[in-house]
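Okay, so here's the structure we're looking at.
The values are calculated or read from the model by the stated rules, or taken from the named source; none is laboratory data. Worth saying up front: this structure is predicted, and the values here are computed from it rather than measured. Here Cβ is always computed from backbone atoms with ideal geometry, including for glycine, and neighbour counts include all displayed protein chains. Heads up: the accessible areas ignore ligands, DNA and RNA and are worked out on the full protein's heavy atoms, side chains in. Shrake-Rupley method; radii C 1.70, N 1.55, O 1.52, S 1.80 Å.
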Amino acid sequence: MPHGVSTILSESQTHFATAAVVKWLPLFSMPNMARIVLKTLERMHENGTMVLHAYCLLENQLHLIGSSRDFRTGLNQFRTATTREIVNALRHAEAKYFLDQLRFVQGRRDRRLVFRIWQDSFLPEVIPDEETLVQKIEYIHMRPVKRGYVSSANHWRYSSSTQYCGGDGLIPINLLLPPSGELVHQ
């Protein structure tokens, strides 16, 4: 096991999570919306709410691996922050179609309108060992290749794949495995 992996896997809870946009709307095909997600992840990483280890942002979903003593709370903070910022950005851009798709009525009595960005199925999965860790990192990084968007995982801009191949990424992460060559399609 590479130096540091066993410490991270045992001292804090390292999780894999996938989050999808409601109605599978392609919100993150708009660079300003993708930036909101990445900046929120970066803030959480920097302030210690969640240590980010791997991620891949696609047009309508996010896959990530992170560590935190209270990962579920970190995810809820992420969801709240990104929802608020994305709705504000959509309002500013007068993106009526997206706002209409994300709006729903909450409660039977008050009929208050609210917006929901993320589907409810944002459930984290504990990563128990190095084998599962490697599998999840490869899964995350290969999503754009499997979808046919790029021929190589490290060509996807909104991913930590480049960092795992020894390059620079868009946001900081804490690598759990040493940088290696390009990921292979499996």
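Extension gain, E46 to N32: 0.36 nm times the residue separation minus the Cα-Cα distance gives 3.0 nm. The calculated 222 nm mean residue ellipticity attributable to helices in the chain amounts to -12500 deg cm²/dmol, summing -39500 (n - 2.57) over DSSP H runs of n ≥ 4 and dividing by all residues.
Under 5 Å between amide hydrogens, built in the peptide plane, is the criterion, and for T14 it picks out I127 among residues at least 5 positions away or on other chains.
Couplings 3J(HN,Hα) of segment 147-161, computed from phi: 7, x, 6, 9, 8, 9, 4, 6, 8, 7, 4, 8, 8, 8, 3 Hz, in residue order, whole Hz [Karplus 6.51 cos²θ - 1.76 cosθ + 1.60, θ = phi - 60°; x for Gly and Pro]. Checking [x] -0.38, -0.61; [y] -0.26, -0.49; [z] -0.43, -0.71 against log10 I(q)/I(0) by the Debye sum over Cα atoms at q = 0.08, 0.11 Å⁻¹ calculated from these atoms, the matching label is [y].
With R₀ fixed at 22 Å, the C-beta to C-beta distance from W24 to R103 puts the FRET efficiency at about 0.85. Distance between the modelled labels on D70 and E94, one decimal in nanometres: 4.2 nm (7 Å Cα→Cβ projection). Between the C-alpha center of segment 28-62 and that of segment 145-168 there is a gap of 15 Å. I need the calculated FRET efficiency for the pair E130 and K39, taking r as the beta carbon distance and R₀ as 30 Å, to the nearest 0.05. Once rounded, the FRET efficiency stands at 0.50. Within the accessible surface of the chain, defined with a 1.4 Å probe on protein heavy atoms only, the carbon and sulfur portion equals 49 percent.
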